[in-house]
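The structure appears below as structure tokens.
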Amino acid sequence: MISIRIKKGYDLNIEGKPSLDLKELKKPSYVAALPEKIPFIKPRLLKEKGDRVKIGSAIFEDKRNPDIKFVSPGGGEIVQISFGPRRVIQEIVIQLDPIESYKEFDSVSEKGPERLERKELVKIILEGGLWPLIRAFPFRDIASPDEQPPAIFVSLDSGEPFQPAPEVYLKEEKDLFGYGIHVLRRLAQNVHVCASRNNLSVLNGFGEFVTHTYKGGYPAGDPGVLLYHTKKSPSENRSWYISGQDVLVLAQFLKSGVYPVDRTVVVAGTSAKERMHIHTRLGVPLRHLAQNENGNARYVVGGILRGYSASEETYMGFYETSLTLIPEGKEKEPFGFVRPGYDKPSYSRAFLSVFNPSALTMNCGLHGDERACVNCGTCAQVCPVDILPQFTFKSVLADEVEEALEHGLLDCAECGLCSYVCPSKIEICTILRDAKEAYYKEQA
Ligand code: SF4
Ligand code: SF4
């Protein structure tokens, strides 16, 4: 077992941590697929409003690679397809039948993955709409089915607040997880299963699968960070990764031949009334997961540092398993500039909160406008992949792509820490992520 120590990073101590209890949620009336939230694809609709679909029916595909299909997360009728600017497909909403029908795919349970040709296995996963669960570095786009990667990283926990805990979603799933790892070994020779050294329950229960243990603050568990700290040659830069929960989804699909729609998600944050793990459906409405009780909370989907704010009218996306509710923070703070900030979460040691061990309330307020970079170097102090973000983003803004690449643009793990700690409120992570995407499109 390889042991990795990540020295840089930062753990936010914020209020709203979910309990490890798992609540069963009743079936929603609607679910949706959100093509707009799937990066690097050009979605093409395969169904129309009013069409009837089964769980697993293909509903859209990637125009650039029609083998990459996305299937319906529910059985019923497509009641709405919403488009955004430039006809971007935002939502495909399905009204669920009381008893949903599902499409049956080839199950590999009898043959076993080891008896299948790799090509045949890839074809089954593609047809089942689950191939997009596997993504590739350095862009984090959907892995190319025609490539054989040097390795696949399985990340059990990114460490970002607040994501599903592996001890919850893996509970009593040892056999299924083992089967999933077996499947991944048919796709790549090296499968790296990475777990935190501090998570003893996972290490005790799943130790036989774990190949790498890590120690460090967020985002030590991110597969991109672990790749950066373990790679021995540039050829490893095109490794793939998949989340621990998605290994279970893949395994379940291959064993049963039915597209699995169950997911474990987390609802947490200061403004969430109930903070816990929830067993629910893929594409569940946000309002079904949590109510915005007094209307002054913001819904953040996918994590506080990496996610996006969303309307309560929308749904959980294909990749998202976390919903955080935090106060908008629009209230004025009279004489805020002379307050010592004992209860203000901040990386800066200028606030007295540095002496406050309690979990603090985080809100959406930026507490100031964007200013020019003051070269303080704080972003570089936390960057887990040793980028100097202040130079990289300036190269990007100056259109010096080669220079940004030399500064390690492609190693960026898109963790969001540099934006969080920057005293000048510069959205460094967004600038770098957009630059990576632009470079990807240029290469394509
Ligand atoms: S933290 Fe912000 S202000 Fe400081 S060096 Fe980085 S980008 Fe510049
Ligand atoms: S540059 Fe920023 S977003 Fe990228 S890995 Fe470093 S800290 Fe994270």
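Just so it is clear, none of the values below were taken in a lab; they were calculated from the coordinates. Here the structure is a predicted model, which means the values were calculated and not measured. Neighbour counts are summed over all protein chains in view; Cβ atoms, including those assigned to glycine, are modelled from backbone coordinates with ideal geometry.
Sparse packing (at most 13 other Cβ atoms within 10 Å of the Cβ) combined with a DSSP loop state is found for the following GluC sites (Glu not before Pro) in segment 24-72: E48. Among the trypsin sites (Lys or Arg not before Pro) in segment 34-69, those located in a DSSP loop and surrounded by at most 14 other Cβ atoms within 10 Å of their own Cβ are K49, K63, R64. Altogether, the Stokes-Einstein calculation at 4 °C and 1.567 mPa s, with the Kirkwood radius of the chain over Cα pairs as Rh, returns a diffusion coefficient of 57 µm²/s. When you filter the trypsin sites (Lys or Arg not before Pro) in segment 338-441 for DSSP loop state and at most 16 other Cβ atoms inside 10 Å of their Cβ, you are left with R349, R371, K425. Across all directions, the shadow cast by the convex hull of segment 51-135 built on its C-alpha atoms averages 7.0 square nanometres.
Under 5 Å between amide hydrogens, built in the peptide plane, is the criterion, and for I14 it picks out L360 among residues at least 5 positions away or on other chains.
Per-residue ellipticity at 222 nm from helix content only, as computed over the chain with -39500 (n - 2.57) for each DSSP H run of at least four residues, stands at -6000 deg cm²/dmol. Eigen-decomposition of the gyration tensor built on the alpha-carbon atoms of segment 370-444 gives equivalent ellipsoid semi-axes of 20, 12, 11 angstrom, largest listed first.
Most tightly packed first, judged by the mean number of other beta-carbon atoms within 10 Å of their residues, the peptides 396-405, 410-419 read 410-419, 396-405.
Cα centroids of segment 128-181 and segment 50-66: 23 Å apart. Give K37/K231; K27/K47; K63/K123 a once-over and call out the pairs whose C-alpha atoms are over 28 Å from each other. Table pairs above 28 Å Cα-Cα are K37/K231. Evaluated on segment 404-444, the Kirkwood hydrodynamic radius is 10.7 Å, with distances taken between all distinct Cα atoms. When the listed pairs K7/K273; K394/K436; K171/K215 are checked against a 26 Å cut-off, the alpha-carbon distance exceeds it for K7/K273.
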